[in-house]
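Values in this text are rule-based calculations from the coordinates and carry no lab data. Keep in mind the model is a prediction, meaning the values are calculated, not measured. Neighbour counts run over all protein chains shown; Cβ positions are idealised from the backbone, glycine included.
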Amino acid sequence: MRVYYEDTDLGGVVYYANYLKFLERARTEWLRALGVEQTALATEHRVIFVVRSIALEYLKPAAFNDELVVTVELEGTGAGQILLVQRVTRGTEELATARVRIACVNTATFRPVRIPRPLTDRIGNKT
C-alpha cells in the first residue's frame with residue numbers, strides 16, 4: 001500500500017493510529033485471498049470478526065509516498081478466535097509489528113461464537 005498525505009501528521013510521518021487501518025486492510029485482503037468475504041460470513045453464517053486485542057510496536061516511521069507491505073501470519077486458532085502476527089515493512093526495513101487477536105461473534109448478539117467450519121477449513125488449525 002502507498003502512504004498518502006492524509007495518512008501523515010504535522011511531522012510528515014504516518015500518524016500512529018493509521019497503522020491500525022493498514023493492518024485492518026491487510027486482514028481483509030488475507031481473508032479475501034483465502035476465498036472468504038466478510039459480507040458473506042455475516043449474511044450466510046451470521047458472524048463477524050472483531051478485534052479483541054492488539055499489541056502494536058512502532059519501530060521506525062513511514063512517510064508520505066512510501067510504499068509499504070503489510071503482512072498477515074497465522075499464529076494460532078481457537079474455537080472462536082484467531083491470533084495473527086502482522087508486520088509493516090518498507091523494503092527490507094521493519095516499521096511496525098503487531099499481535100492481533102480477533103474474535104468471532106454473532107451478528108445479532110455480539111456474543112462470542114465458534115468460527116464456522118468452512119472458514120476453519122480454509123484458515124487451517126494452528127495452535
For this session: Pull out the extension gain between residue 39 and residue 92, defined as 0.36 nm times the separation in residues minus the alpha carbon to alpha carbon distance; nm, one decimal.
Result: 15.7 nm
Problem set entry | Rounded tilt (10° steps) of 18-33 against the dominant C-alpha axis of the chain | 50 degrees
Exercise. At a Förster distance of 30 Å, what's the computed FRET efficiency of residue 46 paired with residue 10, Cβ-Cβ distance as r, to 0.05?
Worked result: 0.10
Exercise. In vacuo Debye scattering of region 5-123, one point per C-alpha: log10 I(q)/I(0) at q = 0.20, 0.21, 0.23 Å⁻¹?
Worked result: -1.06, -1.13, -1.27
Exercise. Per the helix-only calculation at 222 nm, which mean residue ellipticity applies to the chain, given -39500 (n - 2.57) for every DSSP H run of n ≥ 4 and division by its residues, nearest 500 deg cm²/dmol?
Worked result: -5500 deg cm²/dmol
Problem set entry | Among 25, 99, 117, residue whose mean-square fluctuation peaks in a GNM of the chain (springs only between Cα atoms under 10 Å) | 117
Exercise. Expressed in nm to one decimal, what extension gain is obtained for the pair residue 122 and residue 73 from 0.36 nm per residue of sequence separation less their Cα-Cα distance?
Worked result: 16.2 nm
